[in-house]
Amino acid sequence: MQENNINECKRILIIELKKGGFEIKQNEIMQAMSYVNAIYSSSSLPAKPTINAYVVGGKISNTLSRDIK
């Protein structure tokens, strides 16, 4: 029997859903980035996967860029 193992993970997708009408601000972006950093600093993954993180809400604050990489 073959086991699936998270150590073989090459790509990770994080989607953080905010309540309806929620305005996405800098704090929400920083929270998603902290999730990515926590995964990268985890010793449970032998390789660094590609991680895409999205924050989904009702609107984006005018003070933020629409695409942060």
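Some points to look at:
- Proximal lysines to LYS10, defined as alpha-carbon separation beneath 28 angstrom and excluding residues fewer than eight positions away on the same chain: LYS18, LYS48, LYS69
- Point-to-point label distance, ILE51-GLN26, nm (Cα→Cβ direction, 7 Å offset): 2.1 nm
- Protection proxy ranking, highest mean first, for peptides 9-17, 50-58: 50-58, 9-17, where packing is the per-residue count of other beta-carbon atoms within 10 Å, averaged.
Bear in mind that the values in this text are calculations on the coordinates, not laboratory data. The model shown is predicted, which means the values in this text are computed figures rather than measured ones. Note that we place each Cβ from the backbone using ideal geometry, even for glycine, and neighbour counts take in every protein chain shown.
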